[in-house]
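The values are calculated or read from the model by the stated rules, or taken from the named source; none is laboratory data. Bear in mind that the values here come from a model prediction, so they are computed numbers and not experimental data. Because the Cβ atoms are built from the backbone with ideal geometry, glycine has one as well, and the counts that use them run over all protein chains shown. Areas reflect the complete protein model, heavy atoms only, side chains present, ligands, DNA and RNA absent. Shrake-Rupley method; radii C 1.70, N 1.55, O 1.52, S 1.80 Å.
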Amino acid sequence: MHVLDDVCEKSARRLAQRTSRRSLLASLGRLLTGAALLPLLPIDRTARAQSPTAPVANPTADEQNCQYWKYCAIDGFLCACCGGTSTSCPPGTQSSPITWIGTCHNPADGRDYIVSYNDCCGKVSCGDCFCNRNEGEKPMYRLSRNNDVNWCMANTESNYHCSVSVILGVAEK
Ligand code: ABN
């Protein structure tokens with residue numbers, strides 16, 4: 001009987017030891033320490049590194065980007081984003097015969113160009129790639145020095161759709 005008492009007592013003590021509040025807290029502590037140290041382990045992170053050969057986008061050479069060099073004095077939706085190009089109106093629209101003229105510097109060859117900003121007319125506003133640079137613009141009290149004008153006003157269809165930029169020539173110094 002003495003032996004049975006001994007065995008029961010020992011196993012009860014072991015069970016109590018294993019399930020005590022202190023041992024539970026100890027296991028929890030070990031778990032949290034392990035989780036905190038996990039990010040410090042050496043892990044291969046090369047996939048996140050940027051490739052040194054990746055091409056660097058040049059916004060001044062992208063006709064769908066407002067920073068394209070020819071758009072220095074534009075005010076409107078870029079036809080290059082509306083089914084046309086930077087120089088041609090989208091199908092179903094007509095170019096305005098009257099325009100806004102600007103002078104833009106081309107960083108590729110270091111020269112200044114005279115650029116005509118024609119509006120494309122006959123469809124509702126394109127709504128894509130709005131671009132308003134206005135370099136050299138003066139307040140509206142002088143209409144001829146401002147580009148915030150619907151140049152479709154002289155067209156039979158006066159709905160404004162988008163704007164193109166056409167090089168007229170090299171600006172002389
Ligand atoms: N020249 C583009 C434009 C059209 C309508 C109104 C303002 C500007």
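What is the gain in length, in nm to one decimal, between Tyr141 and Glu9 on full extension, counting 0.36 nm per residue of separation less the C-alpha to C-alpha distance?
Residue separation times 0.36 nm, minus the Cα-Cα distance, leaves 37.4 nm.
Here the range 76-136 was treated as a single set of alpha-carbon atoms; its pair distances binned every 10 Å from 0 give 20, 50, 26, 4 percent. The 1.4 Å probe gives accessible areas that order Ile74, Ile98, largest first, as Ile98, Ile74.
Residues His161, His2, His105, ordered by accessible area of protein heavy atoms at a 1.4 angstrom probe radius and largest first, appear as His2, His105, His161.
Computed from label points 7 Å out along Cα-Cβ, the spacing between Asn134 and Asn159 is 2.7 nm. Rolled with a 1.4 Å probe across the full set of protein chains, the surface gives Val124 an accessible area near 110 Å². Grouping the Cα pair distances of the range 119-170 into 10 Å bins from zero gives a pair-distance distribution of 22, 45, 32, 1 percent in increasing distance order.
Stretching the chain fully between Gln64 and Arg111 yields a gain of 14.8 nm (0.36 nm per residue, less the alpha carbon separation).
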